[in-house]
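The next block holds one structure in the form of structure tokens; read it before the comments.
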Amino acid sequence: MIQLEGIHQTYQSAHGPVEALRGIDLEVAAGEVFGIIGRSGAGKSSLVRTINLLNRPSAGRVWVGGQELTALPDAALRAARRSIGMVFQHFNLLASRTVYDNVALPLEIAGMDRAAIRTRVLPLLDLVGLSGLRDRYPAQISGGQKQRVGIARALASRPGVLLSDEATSALDPETTRSILALLQRINRELGLTIVLITHQMQVIRQVAQRVAVIDAGRIVEQGAVTEVFTRPQHATTRSLLDEIVPQALPPSVLERLRQQIAAAPAGHAQALRVAFSGAGLADGPLLADLARRHAVGVAIVHGQIDEIQGTPYGALTLLLRGAPAALADAAAALQAVGVAVEPVDPQAATVGEQDHA
């Protein structure tokens with residue numbers, strides 16, 4: 001549905017050229033919710049704006065729906081953009097127009113007659129839950145309601161793609177959840193492809209099916225959300241995940257691990273970080289079976305089990321005690337059933353440091 005190939009974006013500043021994007025290759029499948037996450041200044045907004053060529057890349061090619069946008073003349077590009085809706089962080093509503101008129105604006109610009117506009121706009125207001133507020137002005141509604149207006153306006157031209165550029169970052173957590181639930185419903189009921197830009201892993205966890213992590217203008221990691229959450233490969237991903245899956249072990253936990261490992265005979269105690277997803281692993285007697293079959297003691301010293309869109313996932317720090325061969329067999333048994341296993345060095349301060357020890 002969306003394909004970016006070799007995308008570079010260079011801006012000129014007072015201090016010389018700035019590379020915002022550096023060789024981006026990305027594919028988004030039709031009908032999926034695809035998240036792009038990164039810190040401020042990582043290039044994520046520059047990236048999403050290349051999809052509809054609001055930012056024309058310095059190099060590279062962009063396809064949407066099988067059409068190469070970077071090869072289109074201006075008139076054809078303007079027509080192609082009608083199939084790509086966009087929702088903005090700060091709503092971008094016209095203060096002098098009502099809720100109804102803001103949603104109708106792109107249809108008026110396209111030359112649609114008033115009866116056809118009404119037929120298009122009223123169902124959209126119902127979809128986003130604003131039918132009763134159609135005659136109010138932006139100053140008379142809340143931030144979440146303004147964003148619902150922005151979503152309805154983006155849907156007015158019946159696009160096949162919806163781009164969301166930090167659409168929830170100005171909203172409180174409860175409103176954010178409601179807006180994300182609305183986007184999920186739109187994706188499910190209308191079959192829209194949604195590209196979601198954010199700096200919050202909570203947003204990715206709630207709605208995205210796949211995610212790409214961007215850092216310093218490059219995609220450093222991408223994959224299914226459950227895979228990225230349970231098996232992060234890049235330091236930037238680990239840092240962003242710390243918001244919901246703490247990567248640093250508390251000092252008290254590290255101290256207990258040091259003491260317990262030191263108290264055991266040499267090689268008879270080991271700390272592991274295990275990560276897993278899926279109901280079979282989360283709901284089954286995984287650790288009890290491990291202890292029984294491999295003659296090891298298993299203690300959970302830190303971690304959590306949660307869900308990603310109904311799929312359980314967990315990240316736990318375990319202390320295993322037993323003979324060295326039994327410890328090795330237990331770790332191999334975990335890996336054999338699809339659990340990601342990483343040794344934990346209690347002398348290190350964080351999981352990320354432990355991974356590179």
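The table for this structure:
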| item | result |
| --- | --- |
| Residue match in the range 319-342 (condition: surrounded by 20 or more Cβ atoms within 10 Å (Cβ to Cβ), under 20 Å from Arg231 (Cβ atoms) and β-branched (Val, Ile, Thr)) | yes |
| Pair list, Cβ under 8 Å, 6 or more apart: the range 82-103 residue hydroxyl-bearing (Ser, Thr, Tyr), other residue part of a loop (DSSP other than H, G, I, E, B) and open to solvent by less than 20 Å² (accessible area, probe 1.4 Å) | Ser83/Pro159 |
| Selection within the range 134-166 - out of contact with any Lys or Arg (no Cβ under 9 Å at 6 or more places or on another chain), farther than 19 Å from Phe34 by Cα, not basic (Lys, Arg) and not in a loop (DSSP other than H, G, I, E, B) | Ala139, Gln140, Gly143, Gly144, Gln147, Val149, Gly150, Ala152 |
| Pairs where the first residue, in the range 258-279, is assigned to a helix (DSSP H, G or I) and the second is surrounded by 14 or more Cβ atoms within 10 Å (Cβ to Cβ) and of a type in the set (A, V, I, L, M, F, W, C), C-beta under 7 Å, 6+ apart | Gln260/Ala269; Gln260/Leu319; Ile261/Ala269; Ile261/Ala271 |
| Number of positions in the range 191-215 that are small (Gly, Ala, Ser) and part of a strand (DSSP E or B) | 1 |
| Residue count for the range 35-60, restricted to those that are open to solvent by less than 80 Å² (accessible area, probe 1.4 Å) and more than 18 Å from His234 (Cβ to Cβ) | 13 |
| The one condition in (1) in contact with a Pro (Cβ under 9 Å, 6 or more places away or on another chain); (2) open to solvent by 50 Å² or more (accessible area, probe 1.4 Å) that Leu254 fails to fulfil | (2) |
| Residue in the range 241-253 that is in contact (Cβ under 8 Å) with a residue 40 or more places away in the chain, within 29 Å of Pro346 (Cβ to Cβ) and of a type in the set (S, T, N, Q) present | yes |
| Where Ala263 falls short, out of the listed (1) in contact with a helix residue (DSSP H, G or I) (Cβ under 7 Å, 6 or more places away or on another chain); (2) open to solvent by 50 Å² or more (accessible area, probe 1.4 Å); (3) not charged (D, E, K, R) | (1) |
| Matching residues, the range 79-111, being in a loop (DSSP other than H, G, I, E, B) and over 24 Å from Thr193 (Cβ atoms) | Leu93, Leu94, Ala95, Ser96, Arg97, Thr98, Gly111 |
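To keep it simple, each residue is scored yes or no on (1) farther than 30 Å from Asp306 by Cβ; (2) not hydrophobic (A, V, I, L, M, F, W, C).
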site	(1), (2)
Leu107	yes, no
Met112	yes, no
Ala116	yes, no
Thr119	yes, yes
Asp126	yes, yes
Ser131	yes, yes
Val149	yes, no
Ala154	yes, no
Leu171	no, no
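The values are calculated or read from the model by the stated rules, or taken from the named source; none is laboratory data. For clarity, every value in this text was computed on a predicted model and none was experimentally measured. Every residue, glycine as well, gets a Cβ built from its backbone with ideal geometry; the counts of neighbours run over all protein chains shown. Ligands, DNA and RNA are excluded from the accessible area calculation, which covers all protein heavy atoms including side chains. Shrake-Rupley method; radii C 1.70, N 1.55, O 1.52, S 1.80 Å.
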